[in-house]
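Notes for the one structure printed next.
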Amino acid sequence: MEPIFSKGSLCWIDTRVQYESVDIGDVLVYRSPTNTLVLHRLVDILPTDTAANSLAAVMQGDANDMTQNVNLSQVNFIGREAFTIPHLGAVVERINLSWVFVGVFLFLACIPWESIIRKTA
């Protein structure tokens with residue numbers, strides 16, 4: 001999705017949005033037929049049978065020229081991009097969860113608990 005979303009950005013997705021309420025220009029996340037998550041921009045909405053309970057959407061990534069026709073429904077629609085923090089995703093990806101636990105443990109171990117307990121008692 002470059003240049004709008006740089007590689008390694010953390011993108012917050014609003015999953016409360018219904019697929020019926022999306023507009024052209026929105027950045028959406030949906031599940032592809034191969035069960036992978038896709039982040040693309042909605043470039044057009046095609047006429048469709050209202051009884052189909054889906055939205056015929058034309059999606060395109062910002063970094064490519066090809067469009068994809070996608071039927072968005074409650075089954076494959078995840079949500080709409082709410083906000084993005086550049087480069088934070090790369091930082092989060094590099095942090096191993098076990099190191100987070102070690103850091104929290106060391107932080108808690110350094111607190112002088114005895115003096116805190118005595119002051120409040």
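Exposed (fewer than 15 other Cβ atoms within 10 Å of the Cβ), more than 14 Å from TRP12 (Cα to Cα) and among the basic types (Lys, Arg), is that true of ARG94?
In short, yes.
Going through ASN76, ASN53, ASN69 one at a time, which residue ends up being within 13 Å of TYR19 (Cβ to Cβ) and modelled with pLDDT of 90 or more?
Just one listed residue meets the conditions, ASN76.
Looking at (1) surrounded by 13 or more Cβ atoms within 10 Å (Cβ to Cβ); (2) free of Cβ contacts under 8 Å to residues at least 40 places away in the same chain; (3) not basic (Lys, Arg), which one does GLY79 not meet, given that it meets all the others?
(2)
Of all residues in segment 52-71, which are polar (S, T, N, Q) and touching a residue at least 12 places away in the same chain (Cβ under 8 Å)?
Residues satisfying the conditions are ASN53, SER54, GLN60, THR67, GLN68, ASN69, ASN71.
Regarding ILE45, is this residue open to solvent by less than 100 Å² (accessible area, probe 1.4 Å) and modelled with pLDDT under 85?
No; evaluated as a whole, the condition is false for this residue.
Would you confirm whether or not segment 8-29 contains a residue that is at pLDDT 90 or above, of a type in the set (Gly, Ala, Ser), open to solvent by less than 90 Å² (accessible area, probe 1.4 Å) and closer than 16 Å to VAL75 by Cβ?
No; the residues of segment 8-29 include none that is at pLDDT 90 or above, of a type in the set (Gly, Ala, Ser), open to solvent by less than 90 Å² (accessible area, probe 1.4 Å) and closer than 16 Å to VAL75 by Cβ.
The values are calculated or read from the model by the stated rules, or taken from the named source; none is laboratory data. Not measured: the values here are computed from a predicted model. For neighbour counting, all protein chains shown are included, and Cβ atoms are generated from backbone atoms with ideal geometry for every residue, glycine included. With ligands, DNA and RNA removed, areas are computed over all heavy atoms of the protein, side chains included. Shrake-Rupley method; radii C 1.70, N 1.55, O 1.52, S 1.80 Å.
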